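Input: a single structure, listed below in structure tokens.
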Amino acid sequence: MQSESSLEFAKHYAAKHLRFNVFAGVLDGAFFGSALGFASFVTVIPLFVNTLTSSAILIGLIPALHTIGWQLPQLFTAGAVSRLLRYKPMVMLMTIHERVPYLGLALVALFSQALDANLALVIVFLLLAWQGLGGGLTATAWQSMIAKIIPPRHHGKFFGMQSATANLFASGGALLAGIILLRVNSPTNYALCFLLAGVGMAISYVFLMLTRETNHALNTSEFSTRSIWKQAGHVLQRDKNFSWFVTARFFAQFATAAAAFYTIYAVRAFDMNPETAGVMTSILLATQVIANPIMGALGDKFGHRAVLVLGTLAALCAALLALVSPTLEWFYLVFILTGVGNVALWAISIAMTLEFGAETERPVYVGLANTLIVPATIAAPILGGWIADTFGFQAMFGFAVLCAALTAILLQFFVRNNPAPHQLVGAQSE
């Protein structure tokens, strides 16, 4: 069993270094965000892939690969993470794989005109898959580390602050990316954007490396030594509230799939130019800068479920406006609402996930909350792209509206707020 003194020492160490770890975590997020601004999965990378193919399915897979890579490995790494004395070494090793691929994208873009288009596409998607899986291999250890070094009552505020800073820097990166795409000849413009993304990732790595974490005693109880799959099955059978939470997140993947197509639809339907696309991305990210700390603080105070419902309704309204928009100007509001939805379904979802289960079960809960929704993450862009190709983008936006409505209903009527993890002594109630 973990000794009482060991647990108290870890909590004391976390409290002592809280300010420094918040500082390091926020700056890690800031430069990570700048990289995502220069190489946005919603605008810049889809626009580059659009120079190689017109397939809506392939374009829709771009953000999905990133999300699938993040989600899929988490339950598979939960067993290894639960046996670690410190999480940081695994985080530092695995996160390299989510950073290096941007340099590969820069090289592919630079030489794309000399490459066969199909070959270039294959390389791009392999790099995107590598980047996504790198994030997923890092994710369980990183979330467990954050849950350990940031007190539970500050989870929402920390993720809100980190995400807000990340989106602020991403907004600046997106604006510069729009200027580069407009003023620098293709494909050099895309290569430069991806290179700058790689630089941002390298700086982010330095700040992540500064994180301070002490050892914690391992739990050698019968529960912790069970097969990770037996633990997972036990959690799902016992914790019905968590099962409904996972179910809601499953349908949320279909609700948010429309966001991957907003930029391409605006280009094809309203002749949106690259500079305007950069402005749209900047607006989306600026919205997230404002919404993240507000929604995080509200979640800490009133419960994260209500904030998730609000974000889901925002995603619903975004898809509905895209469906009926008569002019390009409507898409400014579409991207604002998408930003609010993104905050809820990213930062708030992470914070709420950390509320489930006792401290020793955290890696299992984190893994389940992400890995179990992978089938939906895979199916959503494929189905969305097929609907767009077969029936048109507006039909796909309508499908997203229906899925968002179902997600909001599940969250509101079937999921309840849990007490924070530090308040839990044993298992969740039925």
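Some notes on this structure:
- Filter result (crowded, with 17+ Cβ neighbours inside 10 Å and assigned to a helix (DSSP H, G or I)) within the range 79-93: Gly79, Val81, Ser82, Lys88, Met90, Val91
Here is a yes/no grid of residues against (1) out of contact with any Gly (no Cβ under 8 Å at 6 or more places or on another chain); (2) under 20 Å from Asn417 (Cα atoms):
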{"residue": "Asp300", "(1), (2)": "no, yes"}
{"residue": "Leu310", "(1), (2)": "yes, yes"}
{"residue": "Ser325", "(1), (2)": "yes, no"}
{"residue": "Leu328", "(1), (2)": "yes, no"}
{"residue": "Thr338", "(1), (2)": "yes, no"}
{"residue": "Ala344", "(1), (2)": "no, yes"}
{"residue": "Ile348", "(1), (2)": "no, yes"}
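- Enumeration of residues in the range 372-430 that are at pLDDT below 90, surrounded by fewer than 20 Cβ atoms within 10 Å (Cβ to Cβ), out of contact with any His (no Cβ under 8 Å at 6 or more places or on another chain) and not in a helix (DSSP H, G or I): Arg416, Pro419, Leu424, Val425, Gly426, Ala427, Gln428, Ser429, Glu430
- Taking the criterion of being surrounded by fewer than 22 Cβ atoms within 10 Å (Cβ to Cβ), charged (D, E, K, R) and closer than 27 Å to Ala379 by Cβ, the only residue of the range 243-295 that qualifies is Arg268.
- Residue satisfying condition, being touching a residue at least 40 places away in the same chain (Cβ under 8 Å), under 29 Å from Gly233 (Cα atoms) and either surrounded by 21 or more Cβ atoms within 10 Å (Cβ to Cβ) or within 20 Å of the chain's Cα centre (by Cα) (or both), within set Phe48, Phe31, Phe76: Phe76
- Note on the range 177-209: residues that are over 26 Å from His97 (Cα atoms), surrounded by fewer than 19 Cβ atoms within 10 Å (Cβ to Cβ) and modelled with pLDDT of 90 or more total 4.
- Selection from the range 309-339 of residues that are more than 15 Å from Val42 (Cβ to Cβ) and either basic (Lys, Arg) or touching a residue at least 24 places away in the same chain (Cβ under 8 Å) (or both): Val309, Leu310, Gly311, Thr312, Leu313, Ala314, Leu316, Leu320, Leu323, Thr327, Leu328
- Exclusive hit being touching a helix residue (DSSP H, G or I) at 6+ places or on another chain (Cβ under 9 Å) and more than 20 Å from Gly29 (Cβ to Cβ), set Tyr190, Tyr102, Tyr205: Tyr190
- Checking each residue in the range 307-327 for being of a type in the set (A, V, I, L, M) and surrounded by fewer than 17 Cβ atoms within 10 Å (Cβ to Cβ) picks out only Val324.
Conditions (1) farther than 22 Å from Ile378 by Cβ; (2) under 22 Å from the mean Cα position of the chain (by Cα), marked per residue:
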residue: Lys16; (1), (2): yes, no
residue: Val26; (1), (2): yes, yes
residue: Leu72; (1), (2): no, yes
residue: Arg99; (1), (2): yes, yes
residue: Val108; (1), (2): yes, no
residue: Asp116; (1), (2): yes, no
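This table checks each residue for (1) part of a helix (DSSP H, G or I); (2) touching a residue at least 60 places away in the same chain (Cβ under 8 Å); (3) surrounded by fewer than 24 Cβ atoms within 10 Å (Cβ to Cβ).
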{"position": "Gly132", "(1), (2), (3)": "yes, yes, no"}
{"position": "Gly136", "(1), (2), (3)": "yes, yes, no"}
{"position": "Ala164", "(1), (2), (3)": "yes, yes, no"}
{"position": "Leu175", "(1), (2), (3)": "yes, yes, yes"}
{"position": "Thr211", "(1), (2), (3)": "no, yes, yes"}
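- For the range 55-73, the criterion of being modelled with pLDDT of 90 or more and exposed (fewer than 15 other Cβ atoms within 10 Å of the Cβ) is satisfied by no residue at all.
- Against the test of being at negative phi, surrounded by fewer than 20 Cβ atoms within 10 Å (Cβ to Cβ), at pLDDT 85 or above and of a type outside the set (Val, Ile, Thr), the options Lys240, Lys230 yield a single qualifying residue, Lys240.
- Answer from Ile59, Ile96, Ile45 - the residue that is farther than 22 Å from Glu275 by Cα and in a helix (DSSP H, G or I): Ile96
The values are calculated or read from the model by the stated rules, or taken from the named source; none is laboratory data. What you see is a predicted model; the values in this text were computed from it and never measured. As a convention, Cβ positions derive from the backbone with ideal geometry for all residues, glycine included, and neighbour counts pool all protein chains shown.
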